[in-house]
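Worksheet for the structure shown next.
The values are calculated or read from the model by the stated rules, or taken from the named source; none is laboratory data. Since this is a predicted model, take the numbers as computed values, not measurements. Note that we place each Cβ from the backbone using ideal geometry, even for glycine, and neighbour counts take in every protein chain shown.
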Amino acid sequence: MADDLGAGGLRLERDGPIAWCVIDRPEARNALTPAMYFGIKRAVRLVNRDPDLAALIITGSGDVFAPGGDLGGRSEPGDEPIPDIGRDILPFLDIRDSRAPIVAAVNGICQAGGLLIAMLADIAVVSDRATFRAPELLRGIPDATYAAVLPAHVGIAVARDLLLSGRRFDAAEAKRLGVISRVVPHDQLKDAAMEAVREILQTPPMARMHVKRMLNERYGLIDYQTMFWALEESPEPREGMRAFMEKRPPSWIPEGLSPDEPGH
C-alpha cells in the first residue's frame, strides 16, 4: 500500500492535501522502534513525492507525542526490515530539509528523538500540557543532533543547562527559551496545526526552500561519526540503557549521590 509506512506504531492519514503521520503505540507510550524512525522518514519522502499532498503534520496519540527510541529494543507487528541501525534510519535531516512544509503538533510528552522532530519541523505547535526533556546524556549517549541543533535555538548557556542536566521543562518554558515557537490550549491543537500549515503554504515553494537552506546553515556540522562511534564502542550507552531498564542509577553516579529518580 502506498501509504503504509512500514511500522506497526505509525499510521498515515490524509485530510485533503494534508497528510498526518500519527505516532500511535500506546502500549509502549509511543516509544519509537527503528522501523518507526524510518517510517517517519518514509512519510516525509512520501509527502515530497505525492502531487496530491502539500504538507505533513506529525503528531502523537493520547498524552504522548514521542519519548524517543525504545530502549528495550522491542519491535511491533508490521515493522518492516530497515536499511541499518545507524544514521540512515533517522528522519531528522529529512524533516529539516523537506521541500513540503512539516508541522509538529506536540500533544504531550516530548523527549529525546521526539523533541528533535519538533525542533526540526518548520513550525512546532505545542499543547499547553506538553513537557520536554533531552535525556540522552543520562543514558550515556553523546547526541550529535542535539549538540548542533539545540544551541542554534536557545544559545550555548541554555543548551548546556538542558543537555548536561537532562531536566524536564514545560511548554511555557520551552517557548520562553526558544526551543519551540507556539503554545496553544490542548483542545485547540489540531486546528492550530492546520492553521500553521495554511500559513506556510501562503509562501512560494522555491523562495521558501532558499530561506530554509539559509536558516539551516545556522545548525553547523552534525558530528554523527563521534555519536555512532560511542554507541558502538563506548561502554557508557550500554550501561545507561541497562540501568534505565533495571530502574537503578548508572554506575558512573558517585556513591551517595542519588539521582532524582532510579534509572533516570
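For this structure, a couple of remarks:
- Scope the stretch 117-144; condition crowded, with 24+ Cβ neighbours inside 10 Å, within 12 Å of the chain's Cα centre (by Cα) and over 12 Å from I180 (Cβ atoms); matching residues: A134
- All positions within the stretch 9-28 that are among the basic types (K, R) and more than 20 Å from D52 (Cβ to Cβ): R25
- Failed item, numbered, when E27 is tested on (1) outside any loop (DSSP other than H, G, I, E, B); (2) surrounded by 15 or more Cβ atoms within 10 Å (Cβ to Cβ); (3) modelled with pLDDT under 95: (2)
- Evaluation of L10 against the conditions (1) more than 21 Å from L93 (Cα to Cα); (2) in contact with a helix residue (DSSP H, G or I) (Cβ under 6 Å, 6 or more places away or on another chain) shows that the sole unmet condition is (1).
- The residue that is surrounded by the fewest Cβ atoms within 10 Å (Cβ to Cβ), among those in the stretch 9-24 that are outside any strand (DSSP E or B) and touching a Ser or Thr at 6+ places or on another chain (Cβ under 8 Å), is D24.
- Residues in the stretch 182-200 that are crowded, with 16+ Cβ neighbours inside 10 Å and either of a type in the set (F, W, Y) or in contact with a helix residue (DSSP H, G or I) (Cβ under 9 Å, 6 or more places away or on another chain) (or both) were compared, and the one that is farthest from T145 (Cα to Cα) is V184.
- Test: G60 is touching a Phe, Trp or Tyr at 6+ places or on another chain (Cβ under 6 Å) and surrounded by 23 or more Cβ atoms within 10 Å (Cβ to Cβ): no
- Residue in the stretch 224-240 that is surrounded by the most Cβ atoms within 10 Å (Cβ to Cβ), counting only those that are in contact with a helix residue (DSSP H, G or I) (Cβ under 9 Å, 6 or more places away or on another chain) and closer than 25 Å to L93 by Cα: M227
- Residue within the stretch 157-168 that is touching a Leu at 6+ places or on another chain (Cβ under 6 Å) and among the β-branched types (V, I, T) present: yes
- Pairs, first closer than 23 Å to A172 by Cβ in the stretch 96-114, second acidic (D, E), C-beta under 8 Å, six or more apart: V103/D122; N107/D63; G108/D63; I109/D63; A112/E136
- When K212, K247 are checked against the criterion of being within 27 Å of L93 (Cβ to Cβ) and of a type in the set (K, R), K212 stands alone in meeting it.
- Residue among V179, V197 that alone is in contact (Cβ under 8 Å) with a residue 60 or more places away in the chain, of a type in the set (A, V, I, L, M, F, W, C), in contact with a Pro (Cβ under 8 Å, 6 or more places away or on another chain) and closer than 27 Å to V22 by Cβ: V197
- Filtered residues of the stretch 51-75 (kept if in contact (Cβ under 8 Å) with a residue 24 or more places away in the chain, out of contact with any helix residue (DSSP H, G or I) (no Cβ under 7 Å at 6 or more places or on another chain) and not β-branched (V, I, T)): D52, A54, G60, D63
- Matching residues in the stretch 44-67 - criterion: being touching a Cys at 6+ places or on another chain (Cβ under 9 Å) and either of a type in the set (S, T, N, Q) or within 20 Å of Q111 (Cβ to Cβ) (or both): I57, I58, T59, G60, V64, F65, A66, P67
- Whether a residue is more than 23 Å from the chain's Cα centre (by Cα) and at pLDDT 85 or above was assessed, and P237 does not pass this test.
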